Amino acid sequence: MEARPAVDDAALGREAMAVLEANWTGSGTVPAPGLYPHQWSWDSAFVVIGLARRRPDRARDELLSLLRGQWSTGMVPHIVFHTREAYFPGPSLWRSQEHAAAPPVLTSGLTAPPLHGLALWWLYRHTGDRDFVRKAYPALVAQHDYLASARDLGGAGLAAIVHPWESGMDDSPAWDQPLHNLPAIHYGYRGVELADRHPDSDHERYVWLAMRYRDAGYSAGYLRDEHPFAVEDPMFNGIWLASCQAMAELAPLARADPAPHLEQAGRIRRALLDRLWDGGFYARDLRAGQLIKVATVGGFGPLLDPELPAEQLRAAVELLESARFMGATGYPVPSCEIRAGQFDRTRYWRGPSWVNTNWLLRRAAAVHSLDHLAQQLTNGTLRLVRQAGFRECFDPFDGSGRGCRDFSWSAALTLDLLA
Ligand code: 9WN
């Protein structure tokens, strides 16, 4: 465990702002210098949330900057490349510039959890800036329309992810089964260096899946009929539902009708309950036609719904607080249940705790007036960053930092937790 001098709230807030200043490129906030040198979609939404009170000007620029990468299909890409800095997979893999629907700025061809509606609502709540709502609202309507049309691969109202990167939790044990069901892959890297954070062949599968989709022209028909990875993820859809509700509240400010957003939220809620609930929420593998029965932090996404029925709310909170999750670890919330064979306290989404999922669950707790749980999540998360700094993720047992340093969403959400 690294020792850090004790910091009070004011000093912690100043440190967090300094990280965000350093990670601001002039046209967006990078998740971390070096490792992630471009703008990532859900990272940016967390930055908007974190800056809403202290730097609303920067929060607005952050969101608009990300939305410059939106495709004319409405798809908001998971990476927007504003700089020339190298990253793999970079623009040469995605080749967005060859696609008629893509904007002039280079982007990836995948999307990410649609947190932006909630982020815009957060910003409005703290600034009262109606003009900005009016400006950003249409882009987010288009984003939601894209998900409802091109991504409802199961036909029941949920959006399917077509790549582990779209979940934001790339190496989660939830994707092991669908990845291992893919056909045998023989893909040569031809000069591309493998990052040592992906020591296994799953990284080849990631690249192969991305190339298949690209070579099919990023077509919705191909996704529906042929793409071998299609999963309904409870976190992605729980976030989408929360954003639909946020958009319903913002709609009158944009002189629009809230009803379609509420209908969308209702469809997502019904489908989450019908299709992903089995004593807990699990991801559904649409290609294998079955639930993926490993409990991960992603299974708590539907808690973001204020109208989640009491039975599911009670059972999900019980699981979260149990010795399978935060009841057993010193720090909230392990990304995978600790009793699972796949649990690994050292590997990204296979065990470590993350500030963003802690923040989402703290938001969920607040939505349901679970004040004690919300306080536990706040205190535990602040303890992590106070002790180990704004690391990418943390060992859930001893709180030591993992992954890169000066990670933007860890800093941004700390600002929100301190408020
Ligand atoms: C792949 C940027 C992103 C986050 C994801 C996190 C990680 C990338 C990677 O970093 O994903 O997009 O290289 O593993 O899993 O949540 O958005 O911070």
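The values are calculated or read from the model by the stated rules, or taken from the named source; none is laboratory data. The model shown is predicted, which means the values in this text are computed figures rather than measured ones. Glycine gets a Cβ as well: all are built from the backbone with ideal geometry, and neighbour counts include every protein chain shown.
Taking region 18-72 as the range and being away from the ligand (no atom under 12 Å from the Cβ), closer than 19 Å to E166 by Cβ and either charged (D, E, K, R) or part of a loop (DSSP other than H, G, I, E, B) (or both) as the test, the residues that pass are G69, Q70, W71. For region 28-87, a residue qualifies if it is over 19 Å from Q143 (Cα atoms) and of a type in the set (S, T, Y), and the qualifying residues are T29, Y36, T83, Y87.
With respect to the conditions (1) touching a residue at least 24 places away in the same chain (Cβ under 8 Å); (2) farther than 27 Å from P56 by Cβ; (3) not in a helix (DSSP H, G or I), R405 lacks only one, and its number is (2).
The number of residues in region 354-396 that are more than 17 Å from L303 (Cβ to Cβ), away from the ligand (no atom under 14 Å from the Cβ) and not aromatic (F, W, Y) comes to 11. Scanning for something at pLDDT 95 or above, away from the ligand (no atom under 16 Å from the Cβ), over 17 Å from G238 (Cβ atoms) and surrounded by 21 or more Cβ atoms within 10 Å (Cβ to Cβ), does region 316-328 turn up at least one residue? Checking region 316-328: at least one residue is at pLDDT 95 or above, away from the ligand (no atom under 16 Å from the Cβ), over 17 Å from G238 (Cβ atoms) and surrounded by 21 or more Cβ atoms within 10 Å (Cβ to Cβ).
Would you be able to say whether some residue in region 386-398 is out of contact with any Lys or Arg (no Cβ under 8 Å at 6 or more places or on another chain) and without any contact (Cβ under 8 Å) to a residue 24 or more places away in the chain? Taking every residue of region 386-398 in turn, none turns out to be out of contact with any Lys or Arg (no Cβ under 8 Å at 6 or more places or on another chain) and without any contact (Cβ under 8 Å) to a residue 24 or more places away in the chain.
Suppose we filter region 73-98 for residues that are part of a loop (DSSP other than H, G, I, E, B), within 19 Å of the chain's Cα centre (by Cα) and of a type in the set (V, I, T); how many remain? Total meeting the criteria: 1.
Scanning region 305-351 for residues that are out of contact with any Asp or Glu (no Cβ under 8 Å at 6 or more places or on another chain), within 20 Å of H372 (Cβ to Cβ) and of a type in the set (K, R) yields a count of 1.
For residues that are more than 21 Å from the chain's Cα centre (by Cα), in a loop (DSSP other than H, G, I, E, B) and over 22 Å from Q70 (Cα atoms), tally how many sit in region 209-268. Matching residues across region 209-268 total 6.
Can we say A136 is within 16 Å of the ligand (Cβ to nearest atom), outside any loop (DSSP other than H, G, I, E, B), of a type outside the set (V, I, T) and at pLDDT 95 or above? Criteria not met by A136.
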